[in-house]
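Let me begin by presenting the structure, written as structure tokens, before commenting on it.
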Amino acid sequence: MKKENTLVGVLYWFCSISFYFLIIWIVVAISFEVFTQDGKVGDFSSGSHHSIGYQMPVKFSISPKKPMYNNELFKLEKEGINTLGQSYSSGTGTYVKPITSEDSLDFKSIVSIHNKDMVDHYEFTSTQLVSNGFITVNPKTMVNKFLIIVRSYLGLLILLLVFLFLKRIFKALKTNFLFSQKLYKSINLIGILLICYVLLNSIINFILGIDLPYVSISPLDYNLKYVTISMNPRLDFDFVLFLIGFMLLVLSTLLNKGNQIQHENDLTI
């Protein structure tokens, strides 16, 4: 029982410190938003600001034109430590397949995995490179600007509420290590908050993406175009977080049912 109380106490203090730290973080972020013109104070920058824009989730797609897949090998020739005490190495890189003058007629770009030695460890099999990321955009309409600001601070606000309910849960467990109706409601609210955050975040991303079909990077001279780079908006649906929220709802229901059975047993006795 003593170990349980110690663990609950540690978790309570962790949630309390995290809760008040998040309050300070949100106040500082809002202060940078309201009282600065560019989100900067000295060398410190807030990262997101109404003057420069906010992050929006996109899927990056890179398609090389007429690619040659030819990995590069590295031959170490010298290594040591410089005058600053930093280690360094130097050498020469060579392609696995020698490149001839005729290759420029058949290929337009080279896609390479750069090996650290003279062994070719992997083979490139993808003709399109896809990855999830973010771009910074500054909406010009009031509706989109409002939505992207809400999305930018929504995660912090939800996390603040989660730590608030966790703090209450562990505080109650410190007093009485039993699952009561109050604990059921707190766990249930945390589950609802997580599910609502995932859904609301995805809905906002969908609305914002309507006015941003895709972003591309292309050379002014089409003859120089050796790679196609495009960025398409994505919903950024966090399935894991949604599943955790759903499991918390199920857990809270089971705890509530168990609490009712325990209460009925106590009345029977």
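The values are calculated or read from the model by the stated rules, or taken from the named source; none is laboratory data. Bear in mind that the values here come from a model prediction, so they are computed numbers and not experimental data. Neighbour counts run over all protein chains shown; Cβ positions are idealised from the backbone, glycine included. Accessible surface areas use protein heavy atoms only, side chains included; no ligands, DNA or RNA. Shrake-Rupley method; radii C 1.70, N 1.55, O 1.52, S 1.80 Å.
Residue by residue, here is whether (1) out of contact with any Leu (no Cβ under 8 Å at 6 or more places or on another chain); (2) modelled with pLDDT of 90 or more holds:
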position	(1), (2)
61	no, yes
69	yes, yes
72	yes, yes
76	yes, no
81	yes, no
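Residues in region 23-59 that are out of contact with any Phe, Trp or Tyr (no Cβ under 8 Å at 6 or more places or on another chain), assigned to a loop (DSSP other than H, G, I, E, B) and on the phi < 0 side of the Ramachandran plot were compared, and the one that is modelled with the lowest pLDDT is 43. Scanning region 202-220 for residues that are among the β-branched types (Val, Ile, Thr), outside any strand (DSSP E or B) and open to solvent by 90 Å² or more (accessible area, probe 1.4 Å) gives 203, 210.
For region 122-145, a residue qualifies if it is modelled with pLDDT of 90 or more and surrounded by 10 or more Cβ atoms within 10 Å (Cβ to Cβ), and the qualifying residues are 130, 132, 133, 134, 135, 136, 137, 138, 139, 143, 144, 145. Only one of the numbered conditions (1) open to solvent by 100 Å² or more (accessible area, probe 1.4 Å); (2) among the aliphatic types (A, V, I, L, M); (3) not in a helix (DSSP H, G or I) is violated by residue 76, and that is (1).
Filtering region 79-100 to residues that are open to solvent by less than 90 Å² (accessible area, probe 1.4 Å) and either within 29 Å of residue 223 (Cα to Cα) or charged (D, E, K, R) (or both) leaves 93, 94, 95, 96, 99, 100. The condition (being out of contact with any Phe, Trp or Tyr (no Cβ under 9 Å at 6 or more places or on another chain), open to solvent by 40 Å² or more (accessible area, probe 1.4 Å) and under 23 Å from residue 17 (Cα atoms)) is satisfied by just one residue among 183, 161, 189, 166: 161. Looking across 162, 198, one residue alone is in a helix (DSSP H, G or I), in contact (Cβ under 8 Å) with a residue 24 or more places away in the chain and either under 30 Å from residue 62 (Cα atoms) or among the polar types (S, T, N, Q) (or both). It is 198.
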